[in-house]
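Every read-out reported here was derived from the displayed coordinates using simple, explicitly stated rules and does not represent laboratory data. These numbers come from a predicted model, not from an experiment. Please note: Cβ atoms are built from the backbone with ideal geometry, for glycine as well, and neighbour counts cover all protein chains shown.
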Amino acid sequence: MPIRCPSRFVRAAVALAIIFSTVAAACGDQEQALTTAPPSDAAGSVSTTILRAPATTQVADPQPNPAVSIPDAPATELGITDITVGTGTQVTADDATKGTTVEVNYVGVGQLSKKVFDSSYTRGQSVSFPLNGVIPGWTQGLIGMKEGGRRQLVIPGSLAYGSNPPSSEIAAGETLVFIVDLIKVG
């Protein structure tokens, strides 16, 4: 006759496995895997570094773990690339001036360090803020974006933190690269 395990022991084992994997992920190595993409042509085009944000246990993330293309050279102007064009409400210049609130998920990487310095994905929680309360690169870079969209922003130091970065993870004048998922406008 086979031995039967009571279902409460099975449930307890599953719960412990989930807790262990969550703790292991939280305590794991925070270094990010980097790969350098080869130039696209023989003319010596600029290569970029691809960085994948850390995995998250948050199942509800709309588009988890975006890849970030990091330019080799610092940016001199704001770079905007739509990765996915949304279909919802669009951010307008008037929204930026009035300070309309937006809800986003994002990952930010320093161009020099090539390391993630901030990520709502890692925290497993989106962020809401008024458009006139962030760095100019974000205020300008989100104009024209629609809910449900994903955009990459390459922000020169002059439109980021300039000579006054908020932490030692960002160098003075450093170009910052963000992937932003726009969840809600207003």
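Assign one of three labels to region 129-186, namely rounded, prolate or oblate, based on the Cα gyration tensor with a ≥ b ≥ c the square roots of its eigenvalues; rounded applies when a/c is under 1.5, prolate when it is not and a/b is larger than b/c, and oblate otherwise. Before the final figure, lay out each step's value.
Working: a/c = 2.37, a/b = 1.96, b/c = 1.21.
Note, shape of region 129-186 comes out prolate.
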* Structure fact -> A correct Karplus calculation of ³J(HN,Hα) over region 67-83, with 6.51 cos²θ - 1.76 cosθ + 1.60, θ = phi - 60°, whole Hz and x for Gly and Pro, returns 7, 10, 8, 9, x, 6, 9, x, 7, 10, 8, 5, x, 10, 10, 7, 8
* List every residue whose amide H lies under 5 Å from the amide H of Gly162, counting only residues 5 or more places away in sequence or on a different chain, with H placed 1.01 Å from N in the peptide plane. => Gly173
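Quick check: net charge around Thr89, other residues with Cβ under 13 Å of its Cβ, Lys/Arg +1 and Asp/Glu -1? Each step should come with its number before you reach the end.
Values: positive: Lys146, Lys184; negative: Asp94, Asp95, Glu103, Glu147.
Around Thr89, the charge tally is -2.
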* Asked: Which net charge results when you count Lys and Arg as +1 and Asp and Glu as -1 among the other residues whose beta-carbon is under 14 Å from that of Pro165?
  -> -2
* For region 65-110 versus region 111-186, the gap between their alpha-carbon centres in whole angstrom -> 7
* Asked: With a sphere of radius 15 Å drawn around the Cβ of Gly141, what net charge do the other residues whose Cβ falls strictly inside it have (Lys, Arg +1; Asp, Glu -1)?
  -> -1
